[in-house]
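What follows is a set of notes on a single structure, which appears directly below.
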Amino acid sequence: MARYPESLIEEIRERIDLLEVVGQYVNLKKNGVNWLGLCPFHSEKTPSFNVRPDKGFYKCFGCGKGGDAFDFLIKIKGVDFFEAIEELAGIAGIPLPKLTRDTPKQSQEKQEREKLRQRLASALSFFRQTLHAPHGQLARRYLSDRGLKPETIEKFQLGYAPPGWSNLLDHFGNQESLSKELEKVGLVVRKDEENRQYDRFRDRIIFPIFDLKGHCIAFGGRALGSGQPKYINSPETPLYRKGDILYGLEKNQEAIQREEQVLVVEGYMDLIALANHGIDPVVATLGTALTPNHLRLLWRRTRRILFCFDGDRAGEDAAWRALEQVIDGLKADRTAQFLFLGQNEDPDEVVRREGAAGFKKLMERATPLIDFLIRRLGRGLTLDSPEGRAALVHRVRPFLEKVGDPLLRELYADTVGQRYNIPLHRVVSDRATERKVTPSPPPWIGSAQRSRPGGREENRPGRVFQAPVTFGRDVEQLLLYLLLRKPGRIVEQEDQLGELALENPQFAQLLTDLLGVEAEKLEQEGFDLFNHLSSPGLLATAREILSKEEIIPESEEEELLGCMTAIQIQQTKKELQKAKIKIETDPNTKKEDYDTLLGLKLDLARLQQSKVRSVQSH
């Protein structure tokens with residue numbers, strides 16, 4: 001019977017996000033290491049349908065149905081296995097080959113891969129035995145001096161490759177067929193000019209590398225003495241591709257699920273040192289930059305990734321490469337942060353000095369992605385100048401455009417805008433505006449105007465507009481000035497004025513007093529408003545406002561609306577910032593929180609657009 005290769009099915013299974021597949025049909029909520037929801041296969045009122053994305057399977061404890069992503073699609077949609085493969089391959093972005101039967105060559109390759117796994121398992125056993133043998137004494141002392149507990153050494157199955165060129169070869173009997181297999185998995189090296197083989201790992205602490213099924217597929221080695229290089233890894237082999245493997249993931253994935261975060265470090269010794277102090281939700285890259293496959297493995301297990309790098313220039317460069325990967329297609333429910341250590345420090349040194357509690361405090365203070373992005377791209381710019389801020393926006397835009405979620409993209413842009421006082425619509429790329437050959441003049445650059453007969457102003461083509469009176473002024477004070485000059489406006493705008501929250505406490509109390517006066521009195525000719533203020537202090541404030549605001553706007557009604565809009569924009573920005581902080585810091589963020597954010601963003605956009613129209617018509 002024709003079928004797809006088993007390796008392809010396994011690749012789809014590894015790449016697919018089970019939460020994403022099941023989440024299209026079931027409303028899931030986090031519950032410890034599981035995700036819980038109402039079973040789609042039978043009627044129930046209490047959720048008993050569990051999903052374990054780290055393990056790649058689901059199980060309903062009500063009806064007993066369970067399986068992986070393939071089984072779920074087959075049951076929920078009534079498709080056959082081949083159709084499920086085709087759909088999931090499409091989701092994972094994996095091209096499908098033609099259906100084939102296993103050829104004799106493919107069967108032979110399977111057998112060879114199994115043999116290679118056996119050789120690696122035997123090598124691991126040899127290295128572990130050697131560590132505990134008499135000639136492993138120096139290696140044991142080194143690990144003890146590094147503070148590693150016996151249970152940590154056992155957990156990570158550390159070993160020792162003794163000095164000498166052929167210890168491993170001799171262990172396997174120096175048979176030609178076996179030595180070729182050892183060469184295929186990178187355990188021995190062939191010197192072509194002499195046609196001689198020798199052990200790759202010599203006088204080194206051995207760190208076995210496992211796949212997600214717990215099979216040993218490669219090794220790393222650290223020089224015990226002064227040998228160079230200090231660290232070496234197995235080369236890529238038929239079983240090992242470093243861009244697909246994260247060190248420690250097979251052991252720590254339950255801790256990652258439980259603590260709802262993962263710390264990514266650069267080396268296996270950093271990971272082991274952290275585990276030695278009880279910090280378990282950690283993985284390490286293996287001598288390579290972060291890859292899209294690495295991210296797929298991590299996002300399947302958590303929604304928060306912390307990248308931890310050494311505090312030198314190389315560490316920051318590595319962090320930047322990680323940011324370039326993680327920002328591409330970033331979704332709203334995913335968080336990436338960066339933990340930078342001190343100059344020339346690594347996690348191993350810091351956790352031994354600060355302990356687990358101290359290191360966890362550092363993790364809590366990790367730098368958000370947008371802050372690192374601004375810091376890196378702002379390097380070399382004078383950000384207190386208009387030119388520097390403009391250059392920053394142009395640098396930031398291409399990265400913001402990579403963010404997958406539109407709301408998250410806009411919130412990042414809003415952070416840049418608020419920090420450097422740049423309007424949101426100028427941070428977000430506006431290609432329609434950029435394509436204009438002759439841009440409209442800014443609404444205020446000077447006071448060049450033409451006059452009609454009779455002294456009236458005319459907005460002729462090419463005119464440079466005069467600034468509205470509110471520009472650059474205290475809008476709260478100007479608002480109260482306009483109300484005090486004509487109290488009847490309080491009645492006309494009572495509803496909108498009642499929604500304003502002024503920042504100046506004295507101004508806020510004055511507005512409250514004004515809104516408390518009866519409407520009939522406010523509309524009376526010659527009404528003395530000052531006699532109705534609640535305190536001498538407010539009376540002094542009102543008189544001071546009238547004395548300070550000497551300019552009488554040409555269109556007071558428009559200026560009043562402009563003041564109210566400006567104050568509403570300030571209020572909305574504050575509420576938006578609070579909502580954003582809640583989402584970033586609250587682990588129990590709900591859909592309603594994102595809805596609130598979206599509503600505030602729409603309100604802000606409406607108010608800003610209203611302000612722009614008001615300025616243009618001024």
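The values are calculated or read from the model by the stated rules, or taken from the named source; none is laboratory data. Everything quoted here is computed from the prediction, not taken from an experiment. Backbone-built Cβ (ideal geometry, glycine too); neighbour counts: all protein chains shown. Note: accessible area is taken over every heavy atom of the protein model, side chains too, but ligands, DNA and RNA are not part of it. Shrake-Rupley method; radii C 1.70, N 1.55, O 1.52, S 1.80 Å.
Applying the selection to the range 107-154, what residues are surrounded by fewer than 13 Cβ atoms within 10 Å (Cβ to Cβ) and β-branched (Val, Ile, Thr)? Those that are surrounded by fewer than 13 Cβ atoms within 10 Å (Cβ to Cβ) and β-branched (Val, Ile, Thr): none in the range 107-154. Picking from residues in the range 221-247 that are part of a strand (DSSP E or B) and aliphatic (A, V, I, L, M), the one that is surrounded by the fewest Cβ atoms within 10 Å (Cβ to Cβ) is Ala223. The lone criterion from (1) of a type outside the set (Ser, Thr, Tyr); (2) touching a helix residue (DSSP H, G or I) at 6+ places or on another chain (Cβ under 6 Å); (3) loosely packed, with under 12 Cβ neighbours inside 10 Å left unmet by Asp528 is number (2).
Looking at the range 67-83, can you tell me whether even one residue there is more than 26 Å from Ile256 (Cβ to Cβ) and either acidic (Asp, Glu) or assigned to a strand (DSSP E or B) (or both)?
yes
Listed by first and then second residue, the pairs with beta-carbon distance under 6 Å, at least 6 apart or on different chains, first residue in the range 584-595 and within 11 Å of Asp333 (Cα to Cα) and at pLDDT below 70, second in a helix (DSSP H, G or I) and open to solvent by less than 60 Å² (accessible area, probe 1.4 Å), are Thr589/Ile583.
For the range 150-183, a residue qualifies if it is within 27 Å of Glu112 (Cβ to Cβ) and under 38 Å from the mean Cα position of the chain (by Cα), and the qualifying residues are Gln157, Gly159.
Kindly check whether there is at least one residue in the range 51-59 that is over 30 Å from Gly248 (Cβ atoms) and either part of a loop (DSSP other than H, G, I, E, B) or not aromatic (Phe, Trp, Tyr) (or both).
As a first pass, look at the range 51-59 and keep what is over 30 Å from Gly248 (Cβ atoms): none.
No, there is no match, as no residue in the range 51-59 is over 30 Å from Gly248 (Cβ atoms) and either part of a loop (DSSP other than H, G, I, E, B) or not aromatic (Phe, Trp, Tyr) (or both).
Do we find a residue being at pLDDT below 95, in a helix (DSSP H, G or I) and closer than 30 Å to Pro281 by Cβ anywhere in the range 396-404? For the range 396-404, residues at pLDDT below 95, in a helix (DSSP H, G or I) and closer than 30 Å to Pro281 by Cβ: present. Among the residues making up the range 1-48, those that are assigned to a helix (DSSP H, G or I) and either without any contact (Cβ under 8 Å) to a residue 12 or more places away in the chain or among the acidic types (Asp, Glu) (or both) are Glu6, Ser7, Glu10, Glu11, Glu14, Glu20, Gly23. The residues of the range 484-525 that are under 20 Å from Thr572 (Cα atoms), of a type in the set (Gly, Ala, Ser) and open to solvent by 40 Å² or more (accessible area, probe 1.4 Å), listed by number, are Gly498, Ala501. Looking only at the range 274-281, decide whether some residue is in contact (Cβ under 8 Å) with a residue 60 or more places away in the chain and closer than 17 Å to Gly186 by Cα. No, that holds for no residue.
For every residue, the table says whether it meets (1) in contact with a Leu (Cβ under 6 Å, 6 or more places away or on another chain); (2) in contact (Cβ under 8 Å) with a residue 12 or more places away in the chain; (3) surrounded by 12 or more Cβ atoms within 10 Å (Cβ to Cβ); (4) under 21 Å from Phe307 (Cβ atoms).
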| site | (1), (2), (3), (4) |
| --- | --- |
| Gln337 | yes, yes, yes, yes |
| Asn344 | no, yes, no, yes |
| Asp348 | no, yes, yes, yes |
| Gly355 | no, yes, yes, no |
| Leu383 | no, yes, yes, no |
| Ala391 | yes, no, yes, no |
| His394 | no, no, no, no |
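Give me a count of the residues in the range 483-514 that are in a helix (DSSP H, G or I) and either farther than 17 Å from Thr565 by Cα or among the hydrophobic types (A, V, I, L, M, F, W, C) (or both).
Adding up the residues that qualify gives 17.
For the range 323-335, residues that are under 24 Å from Glu592 (Cα atoms), assigned to a loop (DSSP other than H, G, I, E, B) and open to solvent by 10 Å² or more (accessible area, probe 1.4 Å) total 5. Scanning the range 162-220 for residues that are of a type in the set (S, T, N, Q) and exposed (fewer than 14 other Cβ atoms within 10 Å of the Cβ) yields Asn174, Gln175, Ser177, Asn195.
If you take the residues of the range 42-56 that are open to solvent by 20 Å² or more (accessible area, probe 1.4 Å) and not polar (S, T, N, Q), which of them is nearest to Glu260 (Cα to Cα)? It comes out as Arg52. Criterion applied to Ile91, Ile85 was being open to solvent by 20 Å² or more (accessible area, probe 1.4 Å), touching a residue at least 40 places away in the same chain (Cβ under 8 Å) and within 31 Å of the chain's Cα centre (by Cα), and the one residue passing it is Ile91. Does Leu18 meet the test of being open to solvent by less than 50 Å² (accessible area, probe 1.4 Å) and modelled with pLDDT of 85 or more? Taking the combined requirement at face value, the residue satisfies it. Pairs are defined by a Cβ separation below 6 Å, a sequence spacing of at least 6 or placement on different chains, a first member in the range 516-536 that is under 11 Å from Pro487 (Cβ atoms) and without any contact (Cβ under 8 Å) to a residue 12 or more places away in the chain, and a second member that is assigned to a loop (DSSP other than H, G, I, E, B) and of a type outside the set (S, T, N, Q); the pairs so defined are Lys521/Phe527.
Candidates are the residues of the range 407-447 that are in a helix (DSSP H, G or I), modelled with pLDDT under 90 and open to solvent by 80 Å² or more (accessible area, probe 1.4 Å); the one that is nearest to Ala605 (Cα to Cα) is His425.
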